[in-house]
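Enquirer: Following this message is one structure expressed as structure tokens.
The values are calculated or read from the model by the stated rules, or taken from the named source; none is laboratory data. Remember, predicted model here, so these are calculated numbers, not experimental data. Neighbour counts run over all protein chains shown; Cβ positions are idealised from the backbone, glycine included.
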Amino acid sequence: MRWLVTGAGGMLGQDVVAALRSAGEDVVALGRAELDVTDAAQVERAVVGREVVVNCAAWTAVDDAESRESDAFAVNAVGPARLARAARLSGARLVHVSTDYVFAGDATTPYAEDAPIAPRSAYGRTKAAGEWAVAAEAPDHLVVRTAWLYGAGGPCFPKTIVRVARERGGLDVVADQVGQPTWSADLAALVLRLVQAGAPSGTYHGTASGEASWFEFAAAAVGAAGLDPGIVRPTSGAAYVRPAPRPAYSALGHRALERAGVEPIGDWRARWDQAAATVLA
């Protein structure tokens, strides 16, 4: 198939391009310098001739979005709308990556794909708007929500934790926020599986299985780096007040993947054990 990957220079974009090329797919990879997803004319030219468009372009600076919501909206909502319209006109399937931040974060069991969205941050609102635009403009779409993404190709939580642990000899990490650490390479492979399986249009959750707190993930990262996990100490989210509220609970369910016959990503800890050497290299 002929693929277009937007946001190809980012952590996830790099892994999507690598997964597609390893599978022998025909890939055009465009980063921010090559394609402004908010520019309708540029988008239309880029999509022509492509059969699948994977949108990895996003404003991911969660806290900055609180003071620059219009800028985040342009990338996270207007951009997907442009891509969705171009994909529909060209007959291409659109895969759009979204986030757990579209939910309120107050659940106690994993969010279903059709659970009501209630974003509590500017970032979440702009990503929710992007989901709506994609569904409205492109009947042939896959919205894939992910969370707690880490990978080799960019800054991420485990890299930061290990660096700080080495510099300080110990650190406090939030223990009352729960989610699903997800390797960007696993998400890239899932996107390919979804498209290859001809999954029905709709919303899917692309996160690792199981659940962890940031504290648990930090301890696993420090241990993988050869340090004593005991130097990671649990603390409360109230100790780290930031501009954008963080979801207290954002685990996502995977029933839609199972119904489509696509295997979800494995348990987060097993996948971290597999990823750690590459991510922390």
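Enquirer: Hey, can you tell me all the residues within the stretch 177-192 that are aliphatic (A, V, I, L, M) and in a strand (DSSP E or B)?
Expert: Here is the first cut: in the stretch 177-192, the residues aliphatic (A, V, I, L, M) are 178, 185, 187-192.
V178, the sole residue that qualifies.
Enquirer: Determine the pairs where a residue that is surrounded by fewer than 19 Cβ atoms within 10 Å (Cβ to Cβ), located within the stretch 122-144, has a partner that is in a helix (DSSP H, G or I) and charged (D, E, K, R) with Cβ atoms under 8 Å apart, the partner being 6 or more residues away or on another chain.
Expert: Hits for this filter: P139/R88; D140/R88.
Enquirer: While we're here: Looking only at the stretch 66-77, decide whether some residue is surrounded by 24 or more Cβ atoms within 10 Å (Cβ to Cβ), polar (S, T, N, Q), assigned to a helix (DSSP H, G or I) and on the phi < 0 side of the Ramachandran plot. Before you say what the answer is, go through the steps one by one.
Expert: Pass one, the stretch 66-77, residues surrounded by 24 or more Cβ atoms within 10 Å (Cβ to Cβ): 72, 76.
Filter again for polar (S, T, N, Q), leaving 76.
From what is left, the residues that are assigned to a helix (DSSP H, G or I) are 76.
Imposing the further condition that a residue be on the phi < 0 side of the Ramachandran plot reduces the set to 76.
The answer is yes, given that some residue of the stretch 66-77 is surrounded by 24 or more Cβ atoms within 10 Å (Cβ to Cβ), polar (S, T, N, Q), assigned to a helix (DSSP H, G or I) and on the phi < 0 side of the Ramachandran plot.
Enquirer: Kindly indicate the residue of the stretch 38-65 that is more than 19 Å from the chain's Cα centre (by Cα) and not in a helix (DSSP H, G or I) and also surrounded by the most Cβ atoms within 10 Å (Cβ to Cβ) among those meeting that condition. Show your work before the answer.
Expert: Kept after step one, since they are more than 19 Å from the chain's Cα centre (by Cα), are these residues of the stretch 38-65: 38-51.
Filter again for not in a helix (DSSP H, G or I), leaving 38-39, 48-51.
Numbers: T38: 18, D39: 14, V48: 12, G49: 12, R50: 23, E51: 16.
That would be R50.
Enquirer: Related question: For residues that are of a type outside the set (K, R), free of Cβ contacts under 8 Å to residues at least 40 places away in the same chain and surrounded by fewer than 16 Cβ atoms within 10 Å (Cβ to Cβ), scanning just the stretch 1-34, find the one that is farthest from T60 (Cα to Cα).
Expert: Per the stated criteria, the residue is G24.
Enquirer: Turning to a different aspect of this structure: How about the stretch 199-281: which helices (runs of 4 or more DSSP H) wholly inside it have at least 2 residues that are farther than 20 Å from E113 by Cα and modelled with pLDDT of 95 or more?
Expert: Numbers: elements: 214-224, 255-259, 268-279.
Per the criteria, 214-224, 268-279.
Enquirer: Being more than 25 Å from G10 (Cα to Cα), surrounded by 20 or more Cβ atoms within 10 Å (Cβ to Cβ) and either touching a residue at least 12 places away in the same chain (Cβ under 8 Å) or aliphatic (A, V, I, L, M) (or both) is true for just one of A185, A175, A208, A219. Which residue is that?
Expert: Values: A185 fails: more than 25 Å from G10 (Cα to Cα); A175 fails: surrounded by 20 or more Cβ atoms within 10 Å (Cβ to Cβ); A208 fails: more than 25 Å from G10 (Cα to Cα).
Exactly one of A185, A175, A208, A219 is more than 25 Å from G10 (Cα to Cα), surrounded by 20 or more Cβ atoms within 10 Å (Cβ to Cβ) and either touching a residue at least 12 places away in the same chain (Cβ under 8 Å) or aliphatic (A, V, I, L, M) (or both), namely A219.
Conditions tested, residue by residue: (1) assigned to a loop (DSSP other than H, G, I, E, B); (2) under 17 Å from the mean Cα position of the chain (by Cα).
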| residue | (1), (2) |
| --- | --- |
| A118 | yes, no |
| R125 | no, yes |
| E131 | no, yes |
| V134 | no, yes |
| G154 | yes, yes |
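Enquirer: Moving to a separate point now. Looking at this structure, is G24 assigned to a loop (DSSP other than H, G, I, E, B), modelled with pLDDT of 95 or more, over 16 Å from A188 (Cβ atoms) and over 16 Å from the mean Cα position of the chain (by Cα)? Please lay out each step first, then the result.
Expert: Numbers: assigned to a loop (DSSP other than H, G, I, E, B): yes; modelled with pLDDT of 95 or more: yes; over 16 Å from A188 (Cβ atoms): no; over 16 Å from the mean Cα position of the chain (by Cα): yes.
No: the conditions fail for G24.
Enquirer: Further question on the same structure: Report every pair of residues separated by at least 6 positions or lying on different chains whose Cβ atoms are under 9 Å apart, first residue within the stretch 258-281 and of a type in the set (S, T, Y), second modelled with pLDDT of 95 or more and surrounded by 13 or more Cβ atoms within 10 Å (Cβ to Cβ).
Expert: That search, which allows pairs on different chains as well, returns T278/G151; T278/A152; T278/W183; T278/A185.
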